[in-house]
Amino acid sequence: MSEAAASNGLFRRLILPGLAFKAVVIGGGYATGREIAEFFIGSGPQGGLLGLLLAMAIWSVVCALTFEFARQVQATDYRAFFANLLGPGWIMFEIAYVLFMILVIAVIAAAAGEIFAALFSGPGWIGTAILLTFVIVVVSLGTAAAERMFRYSSALIYAVYAVFVALALWAFGDQIGGKLAASTPGSGWIVGGVTYASYNVIGAVLILPFLRYHGTRRDALVSGLLAGPLAMLPALGFYLSMVAFVPEISEVALPSDYLLSRIGLPWFTFAFQAMIFVALLETGVGMVNALGDRAISAARSRGMIIPAAARLSFSALIVLGAGVLATNLGFIDLIAGGYGVFGWIMLALFVAPLLTIGTFRIFSKPMEIAPS
């Protein structure tokens, strides 16, 4: 095997799953900063940081166990995964997932509208329409296209976040350090970290189509443990930048725009908001692609083939319906009213069974594959 091939294999086995997980969670997790403000700012600078680190640890553990469980039962979509984990109860997860997906797409659609309005002073629905159109197009091209997008878009996202943190430290770094040093952990950071981790960790089962390169338990566990830091690193930098403006930033609809205005570089404001748009696109593609792959797998098990036109129509129906929801509910209301509820639902339907039943089965004996 050539050195290039070996390097590519290592990337696909250990790094790609973390990038795919980051892609699914970033748009609904921290791209605009609104979610970070909702779950962590209220606990104070130190408390919020502890909450984020707790959420990162939960992501790593759950991803590692999810990836290995999926490898053992040969699950390539969430339906097969939960058929093995919950038995007939898998349908409860699918119902919850479809509702959650609609919520997330509504959130990213609303965020795209906010970004377009902030950048161009135009009607927000144009930004929403552009984002949803791109989601439909990429998903209609299949998982391979999504994989290529995640690889290149991740490089852009990490680079722009790195520049953002450097500029924030240059512009108001003294305020960040001062507020961190003067604070003590407030109450609620454990609940905030667990809730935030729980509603986002659903991404671990949505990226199963990207785990096909795993060949050993080591591949699954190592890539899972890396997924937490890979997904959380931009959020940690974003949070530290937000600390400079606690507590007033907790009431801002778009904390990213608030911080960029204080950095005061118009060219970077445009670059950062464009990057957020890409991050929102990643999440929309990841969420809808998971449901599309599940539908294709179900059709194949019945000897049917879903044509490309049907997949396109299916994707369009989902994202356009969520877009309508986004135009009728406020951005902050969507996050505050929906994410917390789904966090506890996912904790009950996914995290708790995985940490108990799933962990026992992973490490106790060979597993039988449930019929699809």
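The values are calculated or read from the model by the stated rules, or taken from the named source; none is laboratory data. What you see is a predicted model, and the numbers here were worked out from it, not measured in a lab. Here Cβ is always computed from backbone atoms with ideal geometry, including for glycine, and neighbour counts include all displayed protein chains.
Tell me yes or no: at least one residue of segment 144-152 is loosely packed, with under 14 Cβ neighbours inside 10 Å and under 22 Å from Ala37 (Cα atoms). Spell out the reasoning first.
Residues of segment 144-152 that are loosely packed, with under 14 Cβ neighbours inside 10 Å, as a first pass: 144, 148, 152.
Filter once more, keeping what is under 22 Å from Ala37 (Cα atoms): none.
No, every residue in segment 144-152 fails to be loosely packed, with under 14 Cβ neighbours inside 10 Å and under 22 Å from Ala37 (Cα atoms).
The single condition among (1) touching a helix residue (DSSP H, G or I) at 6+ places or on another chain (Cβ under 8 Å); (2) part of a helix (DSSP H, G or I) that Trp267 does not meet is (1). Taken residue by residue, segment 300-314 has at least one member that is part of a helix (DSSP H, G or I), under 21 Å from Thr133 (Cβ atoms) and modelled with pLDDT of 75 or more. Residues in segment 180-200 that are among the polar types (S, T, N, Q) and either surrounded by fewer than 21 Cβ atoms within 10 Å (Cβ to Cβ) or free of Cβ contacts under 8 Å to residues at least 40 places away in the same chain (or both): 3 in all. Any residue at all in segment 79-95 that's farther than 30 Å from Ile357 by Cβ and not basic (Lys, Arg)? Among the residues of segment 79-95, not one is farther than 30 Å from Ile357 by Cβ and not basic (Lys, Arg), which makes the answer no.
Residues that are free of Cβ contacts under 8 Å to residues at least 24 places away in the same chain, at least 3 per element: which helices (runs of 4 or more DSSP H) completely within segment 1-117 meet that? Please lay out each step first, then the result.
On the way: elements: 3-10, 16-29, 34-39, 44-73, 78-85.
Here the list reads 3-10.
Restricting attention to segment 221-228, does a residue exist that is assigned to a helix (DSSP H, G or I), at pLDDT 90 or above and closer than 17 Å to Val160 by Cα? No, that holds for no residue. Ala290 meets each of the listed conditions (1) modelled with pLDDT of 85 or more; (2) crowded, with 23+ Cβ neighbours inside 10 Å; (3) closer than 21 Å to Ser198 by Cβ apart from (1). In segment 164-179, which residue that is surrounded by 15 or more Cβ atoms within 10 Å (Cβ to Cβ) and aliphatic (A, V, I, L, M) is modelled with the highest pLDDT? Top of the filtered list is Leu167.
Suppose the filter is in a helix (DSSP H, G or I) and closer than 30 Å to Phe120 by Cα; does Ser241 pass it? Walk me through it before giving the result.
Numbers: in a helix (DSSP H, G or I): yes; closer than 30 Å to Phe120 by Cα: yes.
In short, yes.
May I ask you to say which residue of Thr32, Thr66 is polar (S, T, N, Q), buried (at least 24 other Cβ atoms within 10 Å of the Cβ), modelled with pLDDT under 95 and out of contact with any strand residue (DSSP E or B) (no Cβ under 6 Å at 6 or more places or on another chain)?
Numbers: Thr66 fails: modelled with pLDDT under 95.
It is Thr32.
Among the residues making up segment 201-220, those that are part of a helix (DSSP H, G or I), surrounded by fewer than 22 Cβ atoms within 10 Å (Cβ to Cβ) and in contact (Cβ under 8 Å) with a residue 24 or more places away in the chain are Arg217, Asp219.
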